[in-house]
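Data block below; observations after.
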Amino acid sequence: MKTRLALLFLSATLFGITACDDLDSHASTNILETPVVTVPEVTETSAVVTWAEVANATAYIYSLDGGPEQTTSEHTLQFTDLEPEKTYVFQVKAQKTGSLYFEDSPYAEVSFTTTSHVTIYRVATFADDWDKWYYEYNTDGKISHVYRLTGDGDIDREWLFAYSGLSLEVTGRDTYTITLNEEGYAATMDDGANLYVYTYEEGYLIKVERDGELYSNIEVENGNIMKWSRFTEGVEQFKLHTYGTVPNVGAAHGVYSERAGISRWLAETGLFGKPSAFCHTSNVWDHSGTSSFFTFHYDSNGCIQQEIKDYDGTVENFFYTYQVE
């Protein structure tokens, strides 16, 4: 009898069988891996959430910001109609549908914050006491057409803007050949008589060269164009600007170097760098004792609606309307 038991024990050992059996040493179910979640894209009203595919999972259970749980077989989701500047919490777990041997994974959680709403203002019309210009834009938001009307409403003068990569041809009343930098600002401009070269710093125009010679220096502080220069008989003269505390919401280009080789109607296209961050209150030549003073009326969005310039009792008016996006 002892010999028979010994043989049975030896057989069990040789074939890997123990008296307790290994079923007792393993769980009857397996837990799925927790998804690894990222949020690669966030805008003011949308977000894309994605996670790596989990082995053996057939579905994913998710919720956004404590909302109802939903099921998807995908592992990338796009959420729209979100609120700007709000933090959302996303949760997701992996599941093998109908399985008795796989348990749902723990929830993965990630939070993201939508960006702030940015309102874009583009000049729709610009006028002074004598003339009025109208501005049209293409689907990329680039200026495409500027024109002036007669008193009868007919087009008096117009300019068309044709883009080809970083090249821009302006035709119509005047002809300009412009090359653009990577920010979309004019790097060079040939007006048929002179070649201008423009240098920028953080989007602000800081230097103008004409036909290979220095033509104007511009100094910018805290987003405001503080002064710009011209050369008279070899002497550099500066026009100095002061500012108030009212933001230049509509990005009107009322302050720019008059040695940039452009008329004000062309400056309003935004092709020649950023405007000052705040509304200017006065300017004066450094060799003059007479200043110009500026006051403004604003529309309901805080954009300049009317600019009033008073130079020693002589008053000029400038008027704006805007496209709002």
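Overview of results
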{"quantity": "For the chain, calculated [θ]222 nm from helices alone, where every DSSP H run of n ≥ 4 adds -39500 (n - 2.57)", "calculated": "-1500 deg cm²/dmol"}
{"quantity": "Cβ-defined net charge surrounding residue 45, 11 Å radius [Lys, Arg +1; Asp, Glu -1]", "calculated": "-3"}
{"quantity": "Restricting the stretch 54-105 to GluC sites (Glu not before Pro) in coil, as DSSP defines it, with at most 13 other Cβ within 10 Å", "calculated": "69, 74, 85"}
{"quantity": "Ellipsoid equivalent to the stretch 87-135 - semi-axes via the Cα gyration tensor, in Å", "calculated": "59, 12, 4"}
{"quantity": "The chain, accessible area per residue, ligands and nucleic acids excluded (1.4 Å, Å²)", "calculated": "57 Å²"}
{"quantity": "Model label zone, residue 237; criterion: amide N under 16 Å from point 7 Å along Cα-to-beta-carbon; scope the stretch 279-321", "calculated": "283-292"}
{"quantity": "Difference of contour (0.36 nm per residue) and Cα-Cα distance, residue 43 to residue 136", "calculated": "30.8 nm"}
{"quantity": "Charge sum, other residues only, whose C-beta stays under 12 Å from residue 168's C-beta, Lys/Arg counted +1 and Asp/Glu -1", "calculated": "-1"}
{"quantity": "Gain on full stretching of the segment that runs from residue 59 to residue 74 - 0.36 nm per residue minus C-alpha separation", "calculated": "4.6 nm"}
{"quantity": "Karplus-derived 3J(HN,Hα), 6.51/-1.76/1.60, for each residue of the stretch 94-100, Hz, glycine and proline x", "calculated": "8, 9, 10, 4, x, 7, 8"}
{"quantity": "Nearest-20 debye value, the chain charge dipole, Cβ charges on Lys, Arg, Asp, Glu", "calculated": "840 debye"}
{"quantity": "Relative contact order for the stretch 47-187, counting Cα pairs under 8 Å that sit 6 or more residues apart, in percent", "calculated": "13 percent"}
{"quantity": "On Cα atoms only, tilt of 2-14 relative to the major axis of the chain in degrees", "calculated": "20 degrees"}
{"quantity": "Accessible surface of the stretch 210-325 [probe 1.4 Å, protein heavy atoms]: carbon and sulfur percent", "calculated": "47 percent"}
{"quantity": "The stretch 110-154: chymotrypsin sites (Phe, Trp or Tyr not before Pro) in DSSP loop, at most 16 other beta carbons within 10 Å", "calculated": "130"}
{"quantity": "Candidate aspartates and glutamates - alpha carbon under 19 Å from residue 96, same-chain residues fewer than 8 apart omitted", "calculated": "33, 53, 69, 74, 104"}
{"quantity": "Relative contact order (percent, whole number), the chain, Cα cutoff 8 Å, 6+ residue spacing", "calculated": "11 percent"}
{"quantity": "Alpha-carbon centroid distance for the pair the stretch 246-325 / the stretch 64-100, whole angstrom", "calculated": "49 Å"}
{"quantity": "Listed pairs 86/274; 207/239; 132/309; 207/309 exceeding 22 Å between Cα atoms", "calculated": "86/274; 207/309"}
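The values are calculated or read from the model by the stated rules, or taken from the named source; none is laboratory data. As the structure is a computational prediction, the values presented were derived from the model and not from experiment. For neighbour counting, all protein chains shown are included, and Cβ atoms are generated from backbone atoms with ideal geometry for every residue, glycine included. Just the protein is used for accessible areas: all its heavy atoms, side chains included, with ligands, DNA and RNA removed. Shrake-Rupley method; radii C 1.70, N 1.55, O 1.52, S 1.80 Å.
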